[in-house]
Number of protein chains: 2
Amino acid sequence: MNSFTEENYLKAIYKLSLKEGQGVSTNAIADILKTKPSSVTDMIKKLADKKMVSYQKYQGVNLTKKGRDVAVSIIRNHRLWEVFLVEKLNFKWDEVHDLAEELEHINTHKLTERLDEFLGFPKFDPHGDPIPDKDGNIVQHKDITLSDLSTGEKAVIVGVKEHSKSYLNYLEQLQLVLGAEVEVKDIVEFDATMSVLVNKKQTIISNQASKNLIVKKI
Amino acid sequence: MNSFTEENYLKAIYKLSLKEGQGVSTNAIADILKTKPSSVTDMIKKLADKKMVSYQKYQGVNLTKKGRDVAVSIIRNHRLWEVFLVEKLNFKWDEVHDLAEELEHINTHKLTERLDEFLGFPKFDPHGDPIPDKDGNIVQHKDITLSDLSTGEKAVIVGVKEHSKSYLNYLEQLQLVLGAEVEVKDIVEFDATMSVLVNKKQTIISNQASKNLIVKKI
DNA sequence: AATAAAATTTAGATTAGTCTAAAAATATAA
DNA sequence: TTATATTTTTAGACTAATCTAAATTTTATT
């Protein structure tokens, strides 16, 4: 069995390897997990002993199949619990992350599968992130963001790239939630600030905000 | 915040003080938690520092109000999750204990209250144990067991005093589940083995089994 | 290519929870 | 009521995960 801590490291390495590609760096892991690089080195050695990662000193770390399987299954749990919290317990999308961080570690096959069934086999979590299926297959978003659109284009919001409470909360106030339709009315050339139409209301959003909103053109 | 371990100690002390009364013994705690008496002594000191228990060397330990509140809230979580697992995820009553042992430690007020509401404010868990309300009030069973009945008496099953998988499984096979009606047909004088009628079928059960079945006379 | 900067690893210490073995206190029994 | 058994505590050690500070390696810059 793996400890919560080991699982959190595997999850962090998985997420970083999607961005960074091969050879995830010690510092990047320390950053995500809010720990120190020296602690990361220690844990990496332990995970390497367990054949969860492959590792050569100073060269970064990569997940083995075994490690990736654990990471994906934790992510599957996390996202299923988020769906549960939002759809069944009426939490808002900015409230569920921390709770799901705890629930995800109850990594029992039967519980996960029953929960999946209870929820009707959802494909996406409340932030639009894809839920891996029970064999660990996961469809990645093609990352078209609101900031990629040109004036006049329309799109539906399908996800977010930033999960902070403050960002999610801000989006909700602007009614920029999953499924909402947006139309780009104007783009400021200088800093890419956008005017968009959402539910017949015109709103101004910064590039910082628009580049973290994943959309699908319509 | 309390660690999982601290919470498990508090829960164990709470449960023992219902049985043993004042001054729960070090050995009894070690027994329940499958640890050693020396470890228990260490933890008791820690909990005493935190004002969770009152403790005098060699005289056993008692929960303070603070400690009892934590214990009861963990038990509340545990039993609510058991209801969820059985009623929503279709687990059987002999499968839910271990999962609930993990879920109970996600001790967040809002989650507990939302779960309670989602489940329709249940009063008992799938084993008939009472669920403490959100203020920590808990109704204790008056322990009339099947073994207390005389020939000819009828009763409804309302709970169990023993929660092992094998016992619960055995009961289920005999259809001795919560809500079932039983009628005592015969009692062997020698060892108190009982013949009982359940769902029109006659069954023989040992005293060991009947004294762990909590019933309500009808 | 030499040097400065950044990243990473090592060494040694710390904390929580556990253990064994021995000592001390309490309970039981002749 | 003294001896014996049982229970409980202490002392000292161990493991997992972390940290700081120093050493080492890699990368970037002149």
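The values are calculated or read from the model by the stated rules, or taken from the named source; none is laboratory data. No experiment lies behind these values; they were computed from the predicted model shown. Methodologically, a virtual Cβ is constructed for each residue, glycine included, from the backbone with ideal geometry; neighbour enumeration extends over all protein chains shown. Each accessible area value is taken on the protein alone, full model and side chains, heavy atoms only, with ligands, DNA and RNA left out. Shrake-Rupley method; radii C 1.70, N 1.55, O 1.52, S 1.80 Å.
Of note:
- Selection count where residues are of a type in the set (Phe, Trp, Tyr) and part of a helix (DSSP H, G or I), scope segment B:160-196: 2
- Among residues of segment B:124-159, those that are out of contact with any helix residue (DSSP H, G or I) (no Cβ under 7 Å at 6 or more places or on another chain), under 30 Å from A:Asn90 (Cα atoms) and in a loop (DSSP other than H, G, I, E, B), counted: 6
- Some residue of segment B:73-84 being within 14 Å of another protein chain (Cβ to nearest Cβ), open to solvent by 10 Å² or more (accessible area, probe 1.4 Å) and more than 10 Å from DNA strand D (Cβ to nearest atom): yes
- Within segment B:1-52, the set of residues being charged (D, E, K, R), at positive phi and open to solvent by less than 50 Å² (accessible area, probe 1.4 Å) is empty.
- Residues satisfying the stated conditions in segment A:85-123, i.e. out of contact with any helix residue (DSSP H, G or I) (no Cβ under 8 Å at 6 or more places or on another chain) and more than 10 Å from chain B (Cβ to nearest Cβ): A:Val86, A:Glu87, A:His109, A:Gly120, A:Phe121, A:Lys123
- When segment A:1-26 is filtered for residues that are within 14 Å of chain B (Cβ to nearest Cβ), more than 13 Å from DNA strand C (Cβ to nearest atom) and either over 14 Å from A:Met43 (Cα atoms) or free of Cβ contacts under 8 Å to residues at least 12 places away in the same chain (or both), only A:Met1 remains.
- Of all residues in segment A:110-140, those that are open to solvent by 50 Å² or more (accessible area, probe 1.4 Å) and touching a residue at least 60 places away in the same chain (Cβ under 8 Å) total 1.
- Any hit, segment B:53-71, residues being open to solvent by 20 Å² or more (accessible area, probe 1.4 Å), modelled with pLDDT of 95 or more, more than 10 Å from DNA strand C (Cβ to nearest atom) and touching a Pro at 6+ places or on another chain (Cβ under 9 Å): no
- Of residues in segment A:93-113 being among the polar types (S, T, N, Q) and not in a helix (DSSP H, G or I), the one modelled with the lowest pLDDT: A:Asn107
- Residue list for segment A:30-74, filter: assigned to a loop (DSSP other than H, G, I, E, B) and farther than 21 Å from A:Gly136 by Cα: A:Lys34, A:Thr35, A:Lys36, A:Gln56, A:Lys57, A:Tyr58, A:Gln59, A:Gly60
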